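The values are calculated or read from the model by the stated rules, or taken from the named source; none is laboratory data. Keep in mind that what you see is a predicted model, and the values were worked out from it rather than measured. For neighbour counting, all protein chains shown are included, and Cβ atoms are generated from backbone atoms with ideal geometry for every residue, glycine included. Remember, those area values only see protein heavy atoms, side chains included, never the ligands or the DNA or RNA. Shrake-Rupley method; radii C 1.70, N 1.55, O 1.52, S 1.80 Å.
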Amino acid sequence: MDSQHWRAVITAAQSGDRQALDELVAGWLPLVYNIVGRALNGHADVDDVVQETMLRAVDNLGSLRDPDSFRSWLVAIAMRQIRDRARRRTPERLEEAAAADFAELTVLRLQLEGQRREVAEAVRWLDDEDRQLLSLWWLEVAGELTRRELAAAVGITRQHAAVRVQRMKERLETSRGIVRALDGACPGLRELTGRWHGRPDSVWRKRLARHIRGCGYCGGTQETVVPAERLLVGIALVPLPVGFTLSLAFGGKTAVAAGSAGWSAKLLGALTKPAVAMTAGATIVAGGAYVVTQPPHAPPPRAAITPTATDTSEPPSSALPTPTPSATATKKADLYGTVVDAVDRAPAPDARPAALPRRPESGITSTGGPKAVMQHRGDSVTLSGRGYVLVRWQISPKSRPGALVMPSWTGLKGKLFHVASGGSRRMDDPLPGVPGGYATGMGGPAIGYAVLPPGTQQMWQNEYFYVDGTVTLTQNERGCDYGLTVFPTDWAAVDKDVNEGPAQGAIRYGLVRDTGTDSAPVPQYVTRATPADPATVPQRSRV
């Protein structure tokens, strides 16, 4: 940021210039939001801590003698509020779920992929103290802070900061290894995580790290691991979420209460008057409320794209959704829910998928966090928002072969589409390198088979869905042993998965099911009702 410009803005704000104060808040709020959001990993307290930080900065701006030190001063205030929040937490509040996982927001809003995505997801495995330090180091590497400012914010010397950062980086690399291993298919790791509650913590970090150190499968990697600092260089700040509200006149800091500050009373009094200032997609309105809106330069959401050409290598017609008999008599406006996936056969191994239509995305919130692991009957996760979801299958027929009771989608409010299948194989594809003969993801002659209910469509390793509303997915295991891992994802990740060709054990490309309209297929086991036993959802339920 231009230091000369901000020196002038800060000086004007200290003199009571309301427009300068508006610009100061709009310009520096994203930095504070990123520090607090990453330090607390998106906990529900993030908004409160950000608001208290900015309120204290506004209320004490007159005491700042050197405008050039504003950034380090503001960051130090934010870190004090983070530590104060940690001290105020009661045992009952320690288990509160995150309101919006910040690692997930980082991935989605900055569209991180590969090892950059891995670093963002690894943050969840750090302890609070490490995450607080990383929230500053991340911004240092990205060019938003200096090491001097980092050390000042933590309240230690630069030499001590170097030691602390190095130790934190070592634990971050361990956490990256865990993220990498959990994305793999190690049988030993799957058995170990069968007892895992699905929430990253220090105990499970140590357990998983011990497994990885002693496991040739998890410990090996097919690509060079790039140091985190090289991955983070130049990464932008995570933008404020649309609808984020900051009220500088709240919290008891009225003009009367702040009278001892002189200039503070004048500024806060001015903020209670009707005024609107548009800066970088944020609006400060009457009462001092700062509301993030759509920036003027931001492109409108992309409309759904309907394929205009048919590739000769598309999956066979039997692999495409089949309308129910009543579909032809249904009005166009009522098409949603009239198309249900039919039993399909696998496309040829070299058949390219159709184009994947792009639907609007604002992000998905999952009650299971960024990676919900559902291993047992009755496990469930509720998904809310607008965006894509990956449901990854793992079946253990050798443990409990027999009938497979499919998972079900219940309590649907809005719309749910089955948009694509990927993971490079269907569950009935032959597994490469199986010792002793033939087997598939559904089992084999020597170990028994997982058996689908009659008429049920075969699932792939990765199944992709699009949620526009709220729905609950329930694991209904009974008989055959299976597990589901549920990840909020995005269009780019779906498109990449289905277009990855056969390589390194992969069997086939993916399959696109989305038509780009409300006539796209829905899952077979979905209902707007909330039955006492989700396993009783009819296969061809209407939504």
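The figures follow:
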{"read-out": "Of all residues in segment 488-505 being farther than 25 Å from E121 by Cα and small (G, A, S), the one that is nearest to the chain's Cα centre (by Cα)", "value": "G501"}
{"read-out": "Filtered residues of segment 489-516 (kept if open to solvent by less than 20 Å² (accessible area, probe 1.4 Å) and polar (S, T, N, Q))", "value": "T489"}
{"read-out": "Residues of segment 475-488 satisfying the condition of being crowded, with 24+ Cβ neighbours inside 10 Å and either outside any loop (DSSP other than H, G, I, E, B) or small (G, A, S) (or both)", "value": "Y482, V486, P488"}
{"read-out": "Test result for D468, within 26 Å of T338 (Cβ to Cβ) and either open to solvent by 30 Å² or more (accessible area, probe 1.4 Å) or in a loop (DSSP other than H, G, I, E, B) (or both)", "value": "yes"}
{"read-out": "Tally of residues being over 16 Å from N462 (Cβ atoms) and open to solvent by 20 Å² or more (accessible area, probe 1.4 Å) across segment 343-358", "value": "9"}
{"read-out": "Given (1) of a type outside the set (A, V, I, L, M, F, W, C); (2) modelled with pLDDT of 85 or more; (3) closer than 26 Å to G444 by Cβ; (4) in contact with a helix residue (DSSP H, G or I) (Cβ under 8 Å, 6 or more places away or on another chain), number of the condition H376 does not satisfy", "value": "(4)"}
{"read-out": "Residue selected from segment 517-543 under the condition over 11 Å from H418 (Cβ atoms) and aliphatic (A, V, I, L, M), by the criterion surrounded by the fewest Cβ atoms within 10 Å (Cβ to Cβ)", "value": "A532"}
{"read-out": "Spans of helices (runs of 4 or more DSSP H) in segment 133-252 with at least 1 residues in contact with a Cys (Cβ under 6 Å, 6 or more places away or on another chain), farther than 25 Å from E113 by Cβ and at pLDDT 90 or above", "value": "none"}
{"read-out": "One residue from L383, L412 being assigned to a strand (DSSP E or B), open to solvent by less than 30 Å² (accessible area, probe 1.4 Å) and in contact with a Ser or Thr (Cβ under 6 Å, 6 or more places away or on another chain)", "value": "L383"}
{"read-out": "Meets criteria (under 18 Å from L40 (Cβ atoms) and open to solvent by less than 50 Å² (accessible area, probe 1.4 Å)) for V154", "value": "yes"}
{"read-out": "Search result, residues across segment 394-408 that are under 29 Å from the mean Cα position of the chain (by Cα) and open to solvent by less than 10 Å² (accessible area, probe 1.4 Å)", "value": "S408"}
{"read-out": "Breaking point among (1) touching a Leu at 6+ places or on another chain (Cβ under 6 Å); (2) free of Cβ contacts under 8 Å to residues at least 24 places away in the same chain; (3) among the acidic types (D, E), for D533", "value": "(1)"}
{"read-out": "First in segment 357-385 and closer than 15 Å to H197 by Cα, second anywhere and of a type in the set (F, W, Y), Cβ under 6 Å, 6 or more apart", "value": "K371/F487"}
{"read-out": "In segment 27-37, the residues that are open to solvent by 10 Å² or more (accessible area, probe 1.4 Å) and either among the small types (G, A, S) or within 16 Å of the chain's Cα centre (by Cα) (or both)", "value": "G27"}
